[in-house]
Each structure stands twice: as C-alpha cells, then as structure tokens.
Amino acid sequence: MSIREERKTEPVEEYYTWTGKARGWLLKHLPADKLLPQDQPSYVASWIYVFGMGAIVSLVFILVSGVVLSLNGPAWYHVSDFGHFVNSVHLWSVELFFMTMVVHLWGKYWMAAWRGGRTLTWITGMGAFLVSIVAAFTGYLLQTNFDSQWIAFEGKDALNASGIGAWFNVANLGQIFGFHIVLLPLAVGAVVALHVILVRMHGVVPPIDAAETDAQLSGPDRTEATR
Amino acid sequence: MHPLISYFASLDSPGVYLGWGAFQIQLGNLIVILVMILLFVLALFLPFPSGKKRP
C-alpha cells in the first residue's frame, strides 16, 4: 500500500484550534512525501531543470560569504588578501545567482510553468527576482568607492521622484548597510523559501507535450484523456 | 606583471563600451548575456546523464 493510499484510510482528525487547523492544512497540502520526495518524474532528467537549484546553491554561497564579510567589516575586506578573496566570492556568487536565475526564468517561461495551479509559484519566483535586484543594487552601493558614489547619486533622484526617498535613502550608507545585510537578505530568503515550498506542494511542472500522454502526471496536470 | 593579472586589474577602469547607432552596451554585460543564452541552448540540447538504477 502506498503512502497516499494509507493516508486515505486513516480516520479524519477534527481540528478545533488555530494550531490544529494549521497542522491539518499543512498535512493536507504539504505531506511528507511531497516535502521530501523519494523520486522525481522522468521528465525532470534534463539540464533545463537544474538552474533553479543552481540559483539556490549560489544564494547559499552569497549568504555565507556575506556573513563572513559583515562579521569582519570593511576595514578587513578592503585591505587583507583573504578579505579580498571573500569579497570576490560574494560578488561572483551574485553573478552566478543572477545568471542561473535568469536561465531558470527563461526555461520556466517557455514551458508556461504557471500551468496546473502554479500561479503563486510563478508570482513568488518573479518576486524573488525583483527583491534580489534591490539587494544587488544596495550591494553595489556598499563598495564604498567612486563607483558606488556615482551609482548612489545617479539613483537618488529617481528614488526621490518615486516617493520612497525618505525611507530608502541611497546616499545614507548606514541605512543602506542595514537594508543590505538584514532586511533584504531576510526578504530574499523568505520569498525563495516560499517559492521552493510551493514547488514541492504542486510538484515540478511537466513539459507542455507531456500533459496529454505522461502517466506520471497527477492532479490538475492530467487531462481527462489520461484519467 | 603577468598579462592576465594586469588584464583583471584593468577591470577597475570604466570598461569597454560597444555601440551600434543608438544602442550601447558594456562588454562585461554583453558577455554575461551571451553566456546565459549559451547555457540556455546547451541545457536544451545536451543529453542529461542517466541516474543510478532503482529497484
């Protein structure tokens, strides 16, 4: 008997508190075999399905190198050899993060990955992309060189014109430092975590031409012909 | 200085800009875009290694 069949035969528990209801909702929508699946459908065995995980690995490198940089400070990473190295790891991880994320975006766009009830997965992916751009922008401002000064004073007028200059002042190094090492990493981490959980809830999107024939499909991905 | 080191040291400079009429792009940005397109095409056509046999 499979895990899904076993779950069907279990008696339905009644939930009467918000914690119980939350547990019931999570167990229904994100059971353990969906959260950590043993296998993936055969169509996932393609290089185009690799880039999402590539972006997550890059993000881990960004976060770890960023923590090391913030603990040691600019007096260290601007001067010492190892500081320069960790600073470069941080920069190149961001380059890889954006490159893998953009290839992931192209792949998902051309396979219409919002199919089968995956609208929120698509929206959180776009959200992760947009928040990452803001995080990368604040990173450029923290180089503390003429380049960052130029970028800050080029961007200042546009941000003031949009009405957020009072809360997001690119010429205020301390404020941008706070945004870059606390608020924006938390925002990127939260949106990416939600995106990954949604991917696990709905499963990896199948190729468009698999929708008619693939027996591995389930739920809204299956057409009437294959039920 | 080794030519490769001097090349990377020169990356602190404003960079090389390429332009065709009104269109202008920095060489570094163009390289990143071309690498992404190459990765996308390779991902579509390169065969994926088969995994280990499962029971």
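Taking (1) part of a helix (DSSP H, G or I); (2) surrounded by fewer than 17 Cβ atoms within 10 Å (Cβ to Cβ) in turn, A:Val131 satisfies each apart from (2).
Flag set for A:Val50, criterion: farther than 30 Å from A:Gly178 by Cβ, modelled with pLDDT of 90 or more and either within 22 Å of the chain's Cα centre (by Cα) or more than 13 Å from chain B (Cβ to nearest Cβ) (or both).
Against the definition (under 23 Å from A:Tyr109 (Cβ atoms) and surrounded by 14 or more Cβ atoms within 10 Å (Cβ to Cβ)), how does A:Thr119 come out, yes or no? So A:Thr119 does not fit the description; no.
Would you call A:Ala75 farther than 17 Å from A:Leu194 by Cα and without any contact (Cβ under 8 Å) to a residue 24 or more places away in the chain? In short, yes.
Scanning region A:93-125 for residues that are within 12 Å of chain B (Cβ to nearest Cβ), assigned to a loop (DSSP other than H, G, I, E, B) and of a type in the set (D, E, K, R) turns up nothing. Just give me the residues in region A:8-42 being closer than 18 Å to A:His202 by Cα, at pLDDT below 85 and part of a helix (DSSP H, G or I), in sequence order. Hit for region A:8-42 is A:Ser42, nothing else. Would it be correct to say that A:Ile208 is surrounded by fewer than 16 Cβ atoms within 10 Å (Cβ to Cβ) and either touching a residue at least 60 places away in the same chain (Cβ under 8 Å) or farther than 30 Å from A:Arg115 by Cβ (or both)? For A:Ile208, the condition - surrounded by fewer than 16 Cβ atoms within 10 Å (Cβ to Cβ) and either touching a residue at least 60 places away in the same chain (Cβ under 8 Å) or farther than 30 Å from A:Arg115 by Cβ (or both) - is met. Taking region B:3-27 as the range and being modelled with pLDDT under 90 and either among the aromatic types (Phe, Trp, Tyr) or within 23 Å of A:Val102 (Cα to Cα) (or both) as the test, the residues that pass are B:Tyr7, B:Phe8.
The values are calculated or read from the model by the stated rules, or taken from the named source; none is laboratory data. The structure presented is a predicted model; accordingly, all values stated were derived computationally and were not measured. Don't worry about glycine lacking a Cβ; one is built from the backbone with ideal geometry, like all the others, and counts go over all protein chains shown.
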